[in-house]
Amino acid sequence: MSTGAKIAIGVGIGFIVLIGVAFVAGVAFFRSVAGSEEFQTIIDEATPGGGVTVDYPVGTCFNHGDSAGPVSCAEPHSHEVFALAPWSGDTYPDYEEAWITVFCDEPFRDYVGIEYFDSKLFYDVAVPSVAAWDSGDHDIRCIAYEPGKDLTESIRDAAY
């Protein structure tokens with residue numbers, strides 16, 4: 001076998017190993033994010049299928065895990081509802097299904113004034129409470145937050 005062929009095979013094997021290492025690192029990163037408290041819960045009421053519920057309208061600011069209810073967006077707060085996405089199913093939504101089905105990128109841009117991937121903010125979704133669902137509220141909430149930091153004003157048109 002020629003030296004050129006050996007080099008080509010070595011480069012190919014090295015490339016395959018590099019892709020494998022990148023894949024394993026990506027899976028480890030996703031698992032660490034998915035297992036974080038911020039990713040798993042937003043507020044105090046768990047849904048029957050797991051996940052979180054929020055019945056607040058667009059523009060409502062609130063604090064994670066605080067059952068006291070909404071707060072003024074001028075006060076420190078952890079989350080803000082920026083969009084409602086109608087749930088298309090006839091049955092109460094499972095949080096995980098809502099999370100992978102509802103995409104809030106476009107409403108995020110319209111509300112915040114900047115593309116989601118250019119922002120410092122993250123978003124999650126929340127399903128309505130069972131009581132709200134039974135009363136006709138079938139909207140999934142898109143909720144923005146900045147990991148590890150309180151917001152001190154509304155994110156509406158903040159381009160943040």
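Side notes on the structure shown:
- Of ARG156, ARG141, the sequence from fewest to most neighbouring Cβ atoms within 10 angstrom is ARG156, ARG141.
- Here the dipole of the range 42-145 is about 220 debye; that uses its Cα centre as origin and unit charges on the Cβ of Lys and Arg (positive) and Asp and Glu (negative).
- Largest-first principal axis extents of the Cα set of the range 84-139 (Å): 37, 19, 16
- For ILE143, ILE114, ILE100, order by how many other beta-carbon atoms lie within 10 Å, fewest first: ILE100, ILE114, ILE143
- Least to most buried among THR60, THR101 (fewest other Cβ within 10 Å first): THR101, THR60
- Local electrostatic count, ARG156, Cβ distance below 14 Å [Lys/Arg +1, Asp/Glu -1]: -3
A short reminder: the numbers here are calculations on the coordinates, not readings from a lab. Since the structure is predicted, the reported quantities are computational estimates derived from the model, not experimental observations. Heads up, the Cβs are rebuilt from the backbone with ideal geometry, glycines too, and the neighbour counts pull from every protein chain shown.
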